[in-house]
Amino acid sequence: MTPEQVHIVQTTWRSVLPVGGTFAELFYGRLFALDAELKKLFRDDIVEQGRNLTAMLSVAAANVGKPERIGVALRNLGKRHVAYGVKRKDFVNFEDALLFALEHALIDVFTPEVKAAWKAAYVLVSNPMLEALGSPTTPTAAAAGS
């Protein structure tokens, strides 16, 4: 990621935080619309899960400029997600839901540059998690079938 992309991710995330609950609702609404089967992976209270999501994204955004600080935590998070039943294709849906929720939470400031910065951040964060599924591979529609 470029320094400018790091700055974009960090500043836009600070703009999302005041509407974190709405962001989480948008995220999970989109995620379950993309794949209703994913609902069964969430046995806990979805509001609490939304808080966990925004907390994890806060840590990721804060450290996106120095990903080595959270690499071990991300690999462990990936292992937990594999144990929950998450598949490689689910990472593609997660990215879609993330970008959808960001676009709706940020409304007028979600420019192509903001989208590109968040896509780059997602690759940075998801690759260590994908190591739990085998070799790290940027989640893409082409990998969705695996």
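Taken together, the values in this text are just the output of simple stated rules run on the coordinates, not laboratory data. Here the structure is a predicted model, which means the values were calculated and not measured. We place every Cβ from the backbone using ideal geometry, glycine too, and count neighbours over all the protein chains shown.
Key figures
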| quantity | calculated |
| --- | --- |
| Percentage, to the nearest whole number, of Cα pairs in the stretch 1-69 over 14 Å apart | 64 percent |
| Spatially close lysines, pair count over the stretch 3-143: Cα under 25 Å, gap of eight or more or interchain | 17 |
| P(r), alpha carbons of the chain - 5 Å bins starting at zero, rounded % | 2, 10, 19, 24, 23, 16, 6, 1 |
| Qualifying trypsin sites (Lys or Arg not before Pro) for the stretch 23-118 [loop in DSSP, other Cβ within 10 Å: at most 14] | Arg43 |
| In range of the label at Thr2: residues from the stretch 74-107 whose backbone nitrogen is under 15 Å from the point 7 Å along Cα→Cβ | none |
| Estimated dipole of the chain in Debye, rounded to 20 [Cβ of Lys and Arg +1, of Asp and Glu -1, Cα centre] | 440 debye |
| Estimated 222 nm signal from helices in the chain, with DSSP H stretches of n ≥ 4 weighted -39500 (n - 2.57), rounded to 500 | -22500 deg cm²/dmol |
